[in-house]
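The structure under discussion appears below in the form of structure tokens.
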Amino acid sequence: RMTELQAIAGISQLKRLDSFVDHRNYIANFYKDKLSKLVELKQISFQQKPTNILHPYWRFLVVIEDSRVSRNEIKNKMNDKGIAVDWPYSPLLHLQPAFKKINSSSFNKSESIAKKHICLPLHMQIRIRDAEFISNSFANCFA
């Protein structure tokens, strides 16, 4: 349920939706370019998307492929630099109390991926200089 004030704000924001999505794509592509060396070294991978869609990048997911690198250590190092990183979907839906009767062994792949992904900041206040600092700080976690 949304209040009238929230509806007014939402309608106002919808008028700017294209610029929001364009900005998020710009920063996401910057991250991909700056972190491409880590992809080449198979230390990380990015969420794949079909080429015929414009991704809104609600989240910028990075999958940590290097098993020697701890997601929690990355989070701590990034937080020490004032960079908030996190991971969505924790705990996973099938591990929520309401679903405890579900056979969770059916979700091994989901659980594996969920333990390896991390989200870099991506919002309208991120500028190129911020994205540069964030991507350099993230890359240094793998050095």
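For the reader, a short list of remarks on this structure follows.
- Test result for K77, within 19 Å of the chain's Cα centre (by Cα) and free of Cβ contacts under 8 Å to residues at least 60 places away in the same chain: no
- Pair list, Cβ under 6 Å, 6 or more apart: segment 128-143 residue more than 16 Å from R71 (Cβ to Cβ), other residue of a type in the set (F, W, Y) and in a loop (DSSP other than H, G, I, E, B): none
- Every listed requirement among (1) in contact with a helix residue (DSSP H, G or I) (Cβ under 6 Å, 6 or more places away or on another chain); (2) open to solvent by 40 Å² or more (accessible area, probe 1.4 Å); (3) free of Cβ contacts under 8 Å to residues at least 24 places away in the same chain is met by N52 save one, (1).
- Considering Q6, Q47, the condition of being surrounded by 10 or more Cβ atoms within 10 Å (Cβ to Cβ), of a type outside the set (A, V, I, L, M) and in contact with a Leu (Cβ under 9 Å, 6 or more places away or on another chain) is satisfied by Q47 alone.
- Segment 61-78, residues that are open to solvent by less than 70 Å² (accessible area, probe 1.4 Å) and either in contact with a Ser or Thr (Cβ under 9 Å, 6 or more places away or on another chain) or within 18 Å of N140 (Cβ to Cβ) (or both): V62, V63, I64, D66, V69, S70, R71, I74, K75, M78
- Residues located in segment 118-127, provided they are within 17 Å of V69 (Cα to Cα) and touching a helix residue (DSSP H, G or I) at 6+ places or on another chain (Cβ under 8 Å): I118, L120
- Selection within segment 102-123 - of a type in the set (V, I, T) and in a helix (DSSP H, G or I): I113
- Residue that is modelled with the highest pLDDT, among those in segment 107-143 that are farther than 29 Å from F20 by Cα and exposed (fewer than 10 other Cβ atoms within 10 Å of the Cβ): A143
The values are calculated or read from the model by the stated rules, or taken from the named source; none is laboratory data. Since this is a predicted model, take the numbers as computed values, not measurements. Note: ideal-geometry Cβ built from the backbone for every residue, glycine included; neighbour counts use all protein chains shown. Remember, those area values only see protein heavy atoms, side chains included, never the ligands or the DNA or RNA. Shrake-Rupley method; radii C 1.70, N 1.55, O 1.52, S 1.80 Å.
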